[in-house]
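These notes concern the structure reproduced below.
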Amino acid sequence: AFRYTGAVRDYFFLVFGRNSFDDNDQDGPAGGAALESYVRYGNVRNAYWCPSKSYYCPKQNVMVFGPGYAGAVDIVAHEMVHGIIQHEANLVYSDEPGAVNESIADIFGALIEFYAKSGNGNWLLGEQAPGYSMERPLRSLANPNLASPEGTSLFDKSQAFSTSNRGQPDHYGDVVTIDDQICSTTWLNDNGCVHFNSGILNKFAYLIAEGGEHRGTPVKALGRQKLAHLTYRTLTANLNQTATLIEAADGYLQSCLDLTQKQGAGFTESDCDQVLAAQQAVGLVYGSS
């Protein structure tokens, strides 16, 4: 927990000049807030960020890890990023804004794993967490649907959530609602299906970084570094508390245009064409269904 939290802190400081989750005094002498983690927290089979003290949270602005969960750097990054999100866009944690919240945490979770492992990371999430593996990850940004060892999809929103039906949609045409069985059979409807619909924006981010063809739309890769800067700019400048998935994708496009105007940022207008192509590939454009 200590080592991986340090890696997350270093990443945000070195890449964006951000000091801790709150970045409370910019370049001031005191620095950002201390990073605190509660590790092997009871028998919790989960990890989470605590926005306030509660039955599940020992205090405000700390991370909680059940036994073994701090051993996955992408999980540690994901939880700390929830703290950054809270202090920036403060996305409402339900329905589509909650899915955007989850996706941004997943995107940085994957990017920071690549950083912490000197480029030897992957686009899976939670494969080092208890009960998961490379063959059976928690989530995948490259293939949100997930697949069985036989290659069949693990996503059918008309069926109940289970170990064999736990994938996510990869296109807005498949967006999940609380009326869909895969979501309605989870605890508290997963706060409006936040851990399902995040897969749409995850796939969008993956296409920006790695490129590829999805649903017949080709996208040229911009690389992980540009994805990181687009995501950070979107979070800190182009989202509000109630941003939908389409509004978040539009925020990425606006961020690309913003960064293109900044000398030295390395972005070009053609990069923004690829962000738009990624939006179209996953259906995150107005008028999509």
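The values are calculated or read from the model by the stated rules, or taken from the named source; none is laboratory data. None of these values were measured; they are calculated from a predicted model. Glycine also receives a Cβ, built like all others from the backbone with ideal geometry; neighbour counts cover every protein chain displayed. Please note that ligands, DNA and RNA were not included when accessible areas were found on the heavy atoms of the full protein model with its side chains. Shrake-Rupley method; radii C 1.70, N 1.55, O 1.52, S 1.80 Å.
If we only count helices (runs of 4 or more DSSP H) wholly inside the stretch 175-243, which ones have 2 or more residues that are small (Gly, Ala, Ser)?
In the stretch 175-243, the matching helices (runs of 4 or more DSSP H) lie at 190-210, 224-237.
Which residue out of 127, 210, 150 is modelled with pLDDT of 95 or more and open to solvent by 40 Å² or more (accessible area, probe 1.4 Å)? Steps first, answer last, please.
Numbers: 127 fails: open to solvent by 40 Å² or more (accessible area, probe 1.4 Å); 150 fails: modelled with pLDDT of 95 or more.
Selected residue: 210, the only one of 127, 210, 150 that is modelled with pLDDT of 95 or more and open to solvent by 40 Å² or more (accessible area, probe 1.4 Å).
Which ranges mark the strands (runs of 3 or more DSSP E) fully within the stretch 1-119 that have 3 or more residues being open to solvent by less than 30 Å² (accessible area, probe 1.4 Å)?
On the way: elements: 37-39, 47-50, 62-65.
By residue number, 47-50, 62-65.
When the residues of the stretch 244-262 are narrowed to those that are under 22 Å from residue 287 (Cβ atoms) and in contact with a Cys (Cβ under 7 Å, 6 or more places away or on another chain), which ends up surrounded by the most Cβ atoms within 10 Å (Cβ to Cβ)?
256
Which one of these is at positive phi and over 18 Å from the mean Cα position of the chain (by Cα): 212, 223?
Numbers: 223 fails: over 18 Å from the mean Cα position of the chain (by Cα).
Just a single option satisfies the conditions, and that option is 212.
In the set 219, 194, which member is closer than 25 Å to residue 114 by Cβ and touching an Asp or Glu at 6+ places or on another chain (Cβ under 6 Å)?
194
Which of the numbered conditions does residue 178 fail, given that it passes all the others? Conditions: (1) under 20 Å from the mean Cα position of the chain (by Cα); (2) of a type in the set (A, V, I, L, M, F, W, C); (3) surrounded by 14 or more Cβ atoms within 10 Å (Cβ to Cβ).
Among (1) under 20 Å from the mean Cα position of the chain (by Cα); (2) of a type in the set (A, V, I, L, M, F, W, C); (3) surrounded by 14 or more Cβ atoms within 10 Å (Cβ to Cβ), the lone unmet condition for residue 178 is (1).
Being in contact with a strand residue (DSSP E or B) (Cβ under 6 Å, 6 or more places away or on another chain) and either of a type in the set (Phe, Trp, Tyr) or in contact (Cβ under 8 Å) with a residue 40 or more places away in the chain (or both) is the filter here; which residues of the stretch 75-112 pass it?
The answer is 75, 83, 106.
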